[in-house]
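What follows is one structure encoded as structure tokens, with my remarks underneath.
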Amino acid sequence: MTNNRPIIIPWDFSELAEYALQHGEKIAKIVNCDIVLLHIVKKSSEIEAATEKMNAVTEEHLEKYGIKPKFVIKEGSIFTDINKMIEEENALFAIMGTHGIKGMQKFTGSWALKVIIGSEAPFIVVQDSPISEKISNVVFPVDFKFSEKEKLVWADFLHKYFKCIFHVCYVEPSDPLFKKKIKANMITAKKFLKEK
């Protein structure tokens, strides 16, 4: 599944972005893929200073972790250019650090949710630095959408590399049609995950 597809990490020089990069470095070593840090500036006049800072970050990570992430600096908008980059690079997935939903809205004005919802690629959202070398527990939310089957592909990917435990969850809808669709997706997901 990797086929030289990179992990994209939106980068704003924050502690949360650093956490995302640390997670990315651990995953990249296991799945053997590149990391691309994406920093978006508002004006082209900011590119030169950002390039110097990005060079320092990547050199520091080469020394500390043995991985030198690539980086891209784009003039534009976080609302559109993160997902454009994910598409251009045919990214495996993106990793983004947040404070959680409440913090996401405080930290970003809910931009993170807009970016994640608008993406074709999966996002891994982290709130702290990695506590182990591998991903061991994954929350697997199930809803009524057909895209549930696509999530199973990613569950298979995670299991292949990390042998993680999946915790299937769902919200009980009041609509009988949605309830029926969720039940069908739950059966499919549980059967698939049990085989892992």
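The values are calculated or read from the model by the stated rules, or taken from the named source; none is laboratory data. The model shown is predicted, which means the values in this text are computed figures rather than measured ones. Cβ placement follows ideal geometry from the backbone for every residue including glycine, while neighbour counts extend to all protein chains displayed.
For M96, indicate whether it is assigned to a strand (DSSP E or B), surrounded by 14 or more Cβ atoms within 10 Å (Cβ to Cβ), of a type outside the set (S, T, Y) and out of contact with any Ser or Thr (no Cβ under 9 Å at 6 or more places or on another chain). Before the answer, list the steps.
Values: assigned to a strand (DSSP E or B): yes; surrounded by 14 or more Cβ atoms within 10 Å (Cβ to Cβ): yes; of a type outside the set (S, T, Y): yes; out of contact with any Ser or Thr (no Cβ under 9 Å at 6 or more places or on another chain): yes.
Considered against the rule, which asks whether it is assigned to a strand (DSSP E or B), surrounded by 14 or more Cβ atoms within 10 Å (Cβ to Cβ), of a type outside the set (S, T, Y) and out of contact with any Ser or Thr (no Cβ under 9 Å at 6 or more places or on another chain), M96 comes out as yes.
Criterion applied to K181, K149, K145, K134 was being modelled with pLDDT under 85 and outside any loop (DSSP other than H, G, I, E, B), and the one residue passing it is K149. The set of residues in segment 25-59 being free of Cβ contacts under 8 Å to residues at least 24 places away in the same chain, hydrophobic (A, V, I, L, M, F, W, C) and buried (at least 16 other Cβ atoms within 10 Å of the Cβ) consists of A50 alone.
Against the condition part of a helix (DSSP H, G or I), closer than 23 Å to D12 by Cβ and either in contact with a strand residue (DSSP E or B) (Cβ under 8 Å, 6 or more places away or on another chain) or modelled with pLDDT of 80 or more (or both), how does I124 come out, does it pass? Taking the combined requirement at face value, the residue does not satisfy it. Contact map, segment 161-176: first residue under 30 Å from V31 (Cα atoms), second residue in a strand (DSSP E or B), Cβ cut-off under 6 Å, separation 6 or more or different chains; pairs are C164/V138; I165/N137; F166/V138; F166/F140; H167/V139; V168/F140; C169/P141. Restricting attention to segment 161-169, does a residue exist that is in a loop (DSSP other than H, G, I, E, B) and in the same structural domain as M186 (by TED's automatic domain parsing)? Yes, some residue in segment 161-169 is in a loop (DSSP other than H, G, I, E, B) and in the same structural domain as M186 (by TED's automatic domain parsing). Looking across segment 1-14, the residues that are touching a residue at least 40 places away in the same chain (Cβ under 8 Å) and either under 14 Å from F71 (Cα atoms) or over 16 Å from the mean Cα position of the chain (by Cα) (or both) come down to P6, I7, I8, I9, P10, W11, F13, S14. Considered as a group, the residues in segment 60-83 that are basic (K, R) and at pLDDT below 95 include one that is surrounded by the most Cβ atoms within 10 Å (Cβ to Cβ), and that residue is K68. Scanning segment 31-48 for residues that are under 16 Å from the mean Cα position of the chain (by Cα) and part of a helix (DSSP H, G or I) turns up just one, V31.
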